[in-house]
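Single-structure report; data block below.
Readers should treat all values here as calculations from the given coordinates under stated rules, not as data from a laboratory. Since the structure is predicted, the reported quantities are computational estimates derived from the model, not experimental observations.
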Amino acid sequence: MNTTDRQRLRGAIAAAILATITVLAAGVMSPARADAPAPLTVRAKLVEIPSSMPPDDLYDYAYVMRYEVIGGPMDKASILVAHYKPRVPRGKIKDAAKLHVAGTVRSFAQGDVHKLVLSPELKKMWKGALVDEFAATDRKSVRYWCLQADPG
């Protein structure tokens with residue numbers, strides 16, 4: 001193999017490596033899958049926290065609460081929303097869940113109004129423990145994963 005052939009081969013290998021890195025980086029940095037449903041943004045009133053939330057120091061969990069949507073196409077709809085470790089202010093979450101939890105809500109109290117960004121793909125977003133006291137009476141309603149919660 002002569003010098004010119006070696007240079008072409010090195011160039012081809014470098015181009016292939018660069019193309020592979022570009023494809024991999026695009027997949028890693030992409031915030032959502034192409035087939036994932038768009039997040040849903042609603043303003044809603046927290047109407048039910050079914051019981052006392054577990055302590056945060058025992059394990060990581062998501063806790064399901066009931067909201068009533070205020071305005072928009074889902075006005076007055078009752079929705080179930082899972083919040084990751086709701087005893088922790090959203091801005092203080094520092095573990096791996098930080099990638100899927102945001103907002104400025106510091107605490108959750110019945111009657112609060114929140115602006116919520118939700119994903120209907122709870123089971124794809126959260127694989128850990130789920131405290132869902134509504135499951136005994138309502139297995140059919142969608143459980144939304146809360147991506148972001150702000151005072152509303």
Proximal aspartates and glutamates relative to Lys98, as straight alpha-carbon distance under 16 Å, when same-chain residues fewer than 8 apart are discounted: Asp56, Asp60, Asp150
Out-of-range pairs (alpha-carbon distance over 18 Å; input Lys45/Lys76; Lys45/Lys127; Lys45/Lys115): Lys45/Lys127
